[in-house]
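K.L.:
There's a structure below that I have some questions on.
The values are calculated or read from the model by the stated rules, or taken from the named source; none is laboratory data. Nothing here was measured: the structure is a model prediction, and the numbers come from that model. All Cβ positions, glycine included, derive from the backbone under ideal geometry; neighbour counts span all protein chains shown.
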Amino acid sequence: MITRIHHVGLVVQDADEALKFWRDVIGLEVTDDRVIDDQGVRGVLLKIGNSEVELLEPTREDTGVARFLETRGEGMHHLCFESDDVAKELETAASKGIELIDQSPRPGLAGMIGFLHPKSNHGVLVEFATPIEGAH
Ligand code: CO
């Protein structure tokens, strides 16, 4: 079951530059900042209530996030819903004709995650996440 908007993902050229807005102007608190090597991104999480803003800075050229930045520029990247069962959300979406990016849940910045293809969702990249206990 989907329970809330967990985070909004934004693609940025340079997370340090973007923090000058999200942290220093808006005043959000940084709760995590790390490079995920296999995904080729630096992810920075900023807390707002029980939701987050997730900054994604590509660290390699050969990733989806890098291609997104190249073709569409900085800005909104995806919307993430928290769910207690990512596998079930993916399965339900697929059964209703939605194209999946992830056929099954995988580990991500927010916990176990899975993405739907934006082609099927009116241009919005949708993520489901089950936060891992003790993570965000
Ligand atoms: Co995300």
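K.L.:
Tell me which residues, restricted to segment 69-124, are acidic (Asp, Glu), more than 16 Å from VAL8 (Cβ to Cβ) and in contact with a Pro (Cβ under 8 Å, 6 or more places away or on another chain).
P.N.:
Passing the criteria: none in range.
K.L.:
Within segment 73-90, count every residue that is outside any helix (DSSP H, G or I), over 18 Å from GLU57 (Cα atoms), out of contact with any Asp or Glu (no Cβ under 9 Å at 6 or more places or on another chain) and within 16 Å of the ligand (Cβ to nearest atom).
P.N.:
The qualifying residues number 1.
K.L.:
Which of the strands (runs of 3 or more DSSP E) contained wholly in segment 1-72 include at least 2 residues that are charged (D, E, K, R) and within 19 Å of VAL86 (Cβ to Cβ)?
P.N.:
Output list reads 51-58.
K.L.:
Can you confirm whether GLU127 is within 15 Å of the ligand (Cβ to nearest atom), in a strand (DSSP E or B) and farther than 19 Å from ARG4 by Cα? So that I can check it myself, show each step before the final result.
P.N.:
Working: within 15 Å of the ligand (Cβ to nearest atom): yes; in a strand (DSSP E or B): yes; farther than 19 Å from ARG4 by Cα: no.
For GLU127, the condition - within 15 Å of the ligand (Cβ to nearest atom), in a strand (DSSP E or B) and farther than 19 Å from ARG4 by Cα - is not met.
K.L.:
Mind checking which residues of segment 56-81 are more than 21 Å from HIS122 (Cβ to Cβ), out of contact with any helix residue (DSSP H, G or I) (no Cβ under 9 Å at 6 or more places or on another chain) and of a type in the set (D, E, K, R)?
P.N.:
If the condition is that a residue be more than 21 Å from HIS122 (Cβ to Cβ), out of contact with any helix residue (DSSP H, G or I) (no Cβ under 9 Å at 6 or more places or on another chain) and of a type in the set (D, E, K, R), then ASP62, GLU70 are the ones that fit.
K.L.:
Check ILE26 against each of (1) of a type in the set (A, V, I, L, M, F, W, C); (2) modelled with pLDDT of 95 or more; (3) crowded, with 18+ Cβ neighbours inside 10 Å and name the one condition it does not meet.
P.N.:
(3)
K.L.:
What's the total number of residues in segment 91-116 that are of a type outside the set (Asp, Glu) and either away from the ligand (no atom under 15 Å from the Cβ) or touching a residue at least 60 places away in the same chain (Cβ under 8 Å) (or both)?
P.N.:
Residues in segment 91-116 being of a type outside the set (Asp, Glu) and either away from the ligand (no atom under 15 Å from the Cβ) or touching a residue at least 60 places away in the same chain (Cβ under 8 Å) (or both): 13 in total.
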